[in-house]
Amino acid sequence: MKGVTDHSGFLLVAAVMFAAGLGIPITAALSSGLGKHLASPAAATFILYVVGLVLSGAIVAMVGFPKAEKFAGIPPQLYLGAVFVVFYVLSISWAAPRIGVGNSIFFVLLGQLIAAAVIDHFALFGAAQSSISVKRVAGIVVMAFGVYLARKPV
């Protein structure tokens with residue numbers, strides 16, 4: 001997979017990812033609210049995935065499903081992303097009513113910073129390689145400290 005090299009392409013990708021980032025706490029608030037109303041984070045997670053299945057199915061119907069040969073040779077571990085997505089939605093549906101959406105997302109962000117640095121450093125799962133440097137570690141520490149400062153005690 002090629003990276004974006006032109007400025008406008010980078011800005012488009014950055015804007016899409018910023019919007020995705022905005023969606024994470026919204027997802028947390030909505031899924032935890034659903035879990036609270038149902039008194040079951042697991043049921044809320046299931047319902048959200050049924051809705052997601054229908055929506056993603058409609059999108060695939062519009063853009064087309066990959067040909068069968070595209071599935072040949074896919075490393076099985078690449079399907080584990082689904083496990084992590086389910087874990088995220090289930091855990092945020094459970095945690096947000098207990099410690100708040102903000103605190104929950106702050107800890108998610110801290111985990112993302114550390115995992116992203118490790119994944120990039122070792123180019124895991126086909127990611128582009130980006131070594132951990134003193135400058136990058138300092139940036140992560142500053143961001144982690146920012147997360148700590150922004151976190152509101154329960």
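A few notes on this one:
- Options Ala72, Ala82, Ala116: the member that is loosely packed, with under 15 Cβ neighbours inside 10 Å and closer than 23 Å to Ala44 by Cβ: Ala82
- Subset of region 119-141 [within 21 Å of the chain's Cα centre (by Cα), exposed (fewer than 11 other Cβ atoms within 10 Å of the Cβ) and at pLDDT 90 or above]: Gln129
- Test: Ala20 is free of Cβ contacts under 8 Å to residues at least 60 places away in the same chain and under 28 Å from Ala144 (Cα atoms): yes
- Residues satisfying the stated conditions in region 142-154, i.e. without any contact (Cβ under 8 Å) to a residue 40 or more places away in the chain and under 18 Å from the mean Cα position of the chain (by Cα): Met143, Ala144
- Selection count where residues are within 17 Å of Gly23 (Cβ to Cβ) and modelled with pLDDT of 90 or more, scope region 91-107: 4
- Among the residues listed as Ala61, Ala19, the single one being surrounded by fewer than 10 Cβ atoms within 10 Å (Cβ to Cβ), out of contact with any Leu (no Cβ under 6 Å at 6 or more places or on another chain) and more than 23 Å from Ser104 (Cα to Cα): Ala61
- Residue list for region 142-154, filter: of a type in the set (A, V, I, L, M) and surrounded by fewer than 13 Cβ atoms within 10 Å (Cβ to Cβ): Val142, Leu149, Ala150, Val154
- Filtered by the rule that a residue be farther than 19 Å from Val108 by Cβ and surrounded by 12 or more Cβ atoms within 10 Å (Cβ to Cβ), region 22-41 gives Leu38, Ser40.
- Check on Tyr79, in a helix (DSSP H, G or I) and touching a residue at least 24 places away in the same chain (Cβ under 8 Å): no
- Qualifying residue in region 52-70 (condition: in contact (Cβ under 8 Å) with a residue 60 or more places away in the chain and in a helix (DSSP H, G or I)): no
- In the set (1) over 16 Å from Ala28 (Cβ atoms); (2) under 19 Å from the mean Cα position of the chain (by Cα), Leu109 fails one condition alone, (1).
The values are calculated or read from the model by the stated rules, or taken from the named source; none is laboratory data. As the structure is a computational prediction, the values presented were derived from the model and not from experiment. Positions of Cβ are backbone-derived with ideal geometry, glycine not excepted, and every protein chain shown enters the neighbour counts.
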